[in-house]
Amino acid sequence: MEVASGHSKLKELENVITEFQDQLFRFAFFRTGSFDDSQDIVQEVFIKLYHENDSLTTVINIKQYLYKSISNACIDYQRKRKNLKFMNLEQAVLPTDIHEKDVSDKLIQTEEYTRLERLLNDLPNEQSEVIRLRVFDNLSFVEISSILEIPVTTIKSRFKYGIDKLKDKITASKEVHYGMQ
């Protein structure tokens, strides 16, 4: 009997992973800036979900549970990262079995991440988090409200004010850029 329930629980986990893995990875990546660490964080959350729940169907809102768990794991990651020392990029040695295309794709994605993070980091954290959840993770305002445990009206106003600030910053940047030519 236990084998059958373990098998069905594993099937439930497989379905959850299939449905949410990509968006959770993206969510983690835009908080860590690291492909490998984001994959580890998502994997650890799925493992925790599996081990801490008798049945995954007992989790009332699986999407909220997963996003909240990833968010907390990313906060823990950032805390640990502050205590680490990093080497210069010039000192890093890449493994020899990496294909050029993989490196190029990761470089482009990392550059895009850096550009977006630079813009979002100029906003108050409350606004940038809502924008990330809405734009990058394609969550509704109601879902964001549920994850962050904040009223929907507050989520909407943070989103609007954050987007307005981004527009102003981009417009000012373009004016400076075009004014120099």
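None of the figures in this text is laboratory data; all of them are computed from the coordinates on show. Remember, predicted model here, so these are calculated numbers, not experimental data. Virtual Cβ from ideal backbone geometry, glycine too; neighbours counted across all protein chains shown.
Hey, with R₀ at 41 Å, roughly what FRET efficiency would residue 47 and residue 111 work out to, going by the Cβ-Cβ distance, to 0.05? Result of the calculation: an efficiency of 0.85. Neighbours of residue 152 by Cβ distance under 13 Å: Lys/Arg scored +1, Asp/Glu scored -1, total +2.
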